[in-house]
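Beneath this line is the structure, given in structure tokens, with notes to follow.
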Amino acid sequence: MKLSCLQEHLARGLSIVNRAVASRSATLPILTHVLLATDNGRLRICATNLELGMNCWIGAKVENEGAITVPARTFGDLVALLADDIVHLELNIRTQTLRVQCGRTDANIKGIDAQEFPIVPTFQSDGAAYVEAGVLKKLIAQVTFAAATDESRPTLTGALIKLEGETITMAATDGFRLSVRSDRLQSPVDEPRAFVVPAKALNEVARVLSDQEEPVAIVLTPSHGQVLFHLKDVDVVAQLIDHKFPDYEPIIPKRHDTRTVVNTAELLKACRQASIFARDAQDTVRLHITPSDELEPGKLTVTAQAGETGDNRSELEAAISGEGLEIGFNVRFLIDALSAIDTAQVIIETTQPRSPAVLRAAGDDKFFHLIMPMHLPRA
């Protein structure tokens with residue numbers, strides 16, 4: 001292998017795949033390496049920890065074809081410190097050593113034969129579903145935060161993706177909250193399918209979506225054990241979670257007794273202030289919903305109280321229809337949900353103090369967030 005490429009392109013490619021490199025304690029040393037391989041006049045950079053795999057292609061002037069794996073940390077640290085110039089890479093096949101030349105730098109990095117590197121699938125268009133990059137980014141941002149982080153329930157650490165007709169739906173839950181968003185695919189899929197993708201993998205997809213303008217292709221690998229997200233110059237491959245996602249439809253309230261419309265940013269600020277005191281009270285905050293009367297407009301009051309720290313109270317104007325109510329929530333869950341809502345106003349639908357509430361983005365019927373209430377001790 002002999003090629004040359006720009007230092008900034010090589011550094012960017014390595015930074016993209018770096019999150020898929022296994023930790024140095026990995027049982028297979030090869031997983032701490034990145035694969036460098038020529039591919040149709042470009043350089044393919046690949047990393048995998050067997051749960052997440054990433055391919056990135058950068059422009060290169062290829063003189064001789066070939067492939068090698070090199071330690072990701074060593075190679076990445078070196079490339080980051082190279083001059084902003086052309087980098088020349090040349091492989092000594094006999095010693096499996098990669099020579100790196102750039103400006104006045106001349107280094108040699110010992111590698112491992114590329115044949116030992118695990119196979120990371122690349123994109124095949126058969127059966128692919130296509131979604132706008134901005135749509136996918138919003139789906140991920142408004143859903144994956146609700147996934148569990150506790151590995152004892154693997155299914156809940158993932159997000160369900162359903163493709164049906166012209167619709168893509170994503171849902172995640174940790175058992176205490178549920179986020180669901182639906183949106184449009186670019187074109188209908190031939191047959192419906194549903195699969196559970198680790199939330200961590202989806203967050204990596206979102207990370208590399210920033211510069212993407214073209215639609216993203218989503219396709220299951222032939223074994224149906226992995227899903228591949230195909231971007232312009234990047235593929236993200238994730239191992240699917242082989243467990244059935246909980247049926248969340250029955251827990252979604254079919255009605256509400258009270259509907260509260262309030263400014264999203266103001267409520268978020270009030271919750272953040274309350275969280276200072278709530279952290280000493282099991283993160284519990286109270287929402288006091290007071291409908292308007294002849295003398296005063298409707299208001300939503302956010303309060304938190306901790307015996308040793310003190311208390312906090314924020315009063316917000318709100319448009320309220322229905323009965324008054326006092327209900328308690330985990331403030332961290334409220335902050336997460338409100339941070340994911342990008343409309344000026346949020347709608348809170350409630351029934352009883354011990355029944356789940358639904359948060360909706362005003363003017364956006366594609367998203368909703370369900371949150372379970374907390375038991376409120378007597379004030």
Check your understanding: Within segment 344-379, how many residues are in contact with a helix residue (DSSP H, G or I) (Cβ under 9 Å, 6 or more places away or on another chain) and loosely packed, with under 15 Cβ neighbours inside 10 Å?
Key -> 1
Revision key, fill the gap. Okay, strands (runs of 3 or more DSSP E) sitting entirely in segment 61-106 with 1 or more residues that are within 25 Å of ARG19 (Cα to Cα), basic (Lys, Arg) and at pLDDT 95 or above, I get 97-102
Exercise for review: From (1) without any contact (Cβ under 8 Å) to a residue 60 or more places away in the chain; (2) of a type outside the set (S, T, N, Q); (3) assigned to a loop (DSSP other than H, G, I, E, B); (4) touching a strand residue (DSSP E or B) at 6+ places or on another chain (Cβ under 8 Å), pick out the condition that doesn't hold for LYS232.
Suggested key: (4)
Review point. Looking at segment 136-161, which of its residues are of a type outside the set (S, T, N, Q), farther than 15 Å from ARG181 by Cβ and within 13 Å of the chain's Cα centre (by Cα)?
Key: ALA148, GLY158
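Any residue in segment 322-343 that is of a type in the set (A, V, I, L, M), assigned to a loop (DSSP other than H, G, I, E, B) and surrounded by fewer than 22 Cβ atoms within 10 Å (Cβ to Cβ)?
Here is the first cut: in segment 322-343, the residues of a type in the set (A, V, I, L, M) are 325, 327, 331, 334-335, 337-338, 340-341.
Now drop any that are not assigned to a loop (DSSP other than H, G, I, E, B), which leaves 341.
Checking which are surrounded by fewer than 22 Cβ atoms within 10 Å (Cβ to Cβ) leaves us with none.
No; the residues of segment 322-343 include none that is of a type in the set (A, V, I, L, M), assigned to a loop (DSSP other than H, G, I, E, B) and surrounded by fewer than 22 Cβ atoms within 10 Å (Cβ to Cβ).
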Point to revise | Count of segment 80-111 residues which are in contact with a strand residue (DSSP E or B) (Cβ under 7 Å, 6 or more places away or on another chain) and either touching a residue at least 24 places away in the same chain (Cβ under 8 Å) or closer than 29 Å to GLU204 by Cβ (or both) | key: 17
Review point. Given the conditions (1) in a strand (DSSP E or B); (2) under 28 Å from the mean Cα position of the chain (by Cα); (3) under 16 Å from ILE109 (Cα atoms), which single one is not true for CYS56?
Key: (3)
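The values are calculated or read from the model by the stated rules, or taken from the named source; none is laboratory data. Predicted, not measured: the structure shown is a model, and the values here were computed from it. Counting neighbours? That spans all protein chains shown, and the Cβs are built from the backbone with ideal geometry, glycine included.
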